[in-house]
Structure formats: structure tokens, C-alpha cells
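Readers should treat all values here as calculations from the given coordinates under stated rules, not as data from a laboratory. Predicted model, so just to flag it, every value in this text is computed and none were measured. For neighbour counting, all protein chains shown are included, and Cβ atoms are generated from backbone atoms with ideal geometry for every residue, glycine included.
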Amino acid sequence: MAEFIEVRATVEGDERAAALAHGIFSAGLAASIDIAEVPSSRHGTTVWELTLITTDGLVPTLERRIRETADGCSVTSRPVTQDAGGHPDWL
């Protein structure tokens, strides 16, 4: 079982994405948060992808918080892989 999990969420609007990231970080649900603008298929909308690193035990609470706060957003999770030196790739 992986020790760290990468969770990605796609959210419309920069203010919504920033508020979601702030709430997640303030609640201690993620150790690392990256926010990046991504191409949108809908004209006139700005979409932001949040990439979060959390522990395996916090994933259900984190995913629930994302879905409750950013209704209709896409959420995916995957284990963080280790490199040959034994450190997570994101370090």
C-alpha cells in the first residue's frame, strides 16, 4: 500500500480553485498543493487543476471535501511512485 497519494481535481474558475486549495491546506488534508491553469473544452471558461499530495488515510476525506466544495469537478487519485533512491518523485 502506498504511503503517499497524488490527488488531482479540475475546477472551473481561479477564485474557486484558490478557495478550495486554501480550505484543504487549512484543514491539514494535503502536504503539498500545486495549482495550474489547464486548457478548457468550453469557450470562455478557465479551468484549474489542483495536484495534491496526501497520505493514504486522508484520501477519502480529501476527495469528499473536494466534491462537496467544487460540485461537478473531476477527481482522480493514484499512488506516488518511488524512485531508485527511495524518495517520492515529488521531493
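A few remarks follow.
- Only DSSP H runs of four or more residues enter the estimate; each adds -39500 (n - 2.57), and after division by the residues of the chain the mean residue ellipticity at 222 nm equals -8000 deg cm²/dmol.
- Nearest 10 degrees, 0 to 90: helix 59-69 Cα axis against the chain principal axis: 10
- Charge dipole of segment 9-85 about the Cα centre (unit charges at C-beta), most positive-ward option of Leu62, Ser40, Leu20: Leu62
- The chain, dipole about Cα centre (Lys/Arg Cβ +1, Asp/Glu Cβ -1), debye to the nearest 20: 240
- Per-selection Rg to Rh, the chain - Cα, Kirkwood hydrodynamic radius: 0.99
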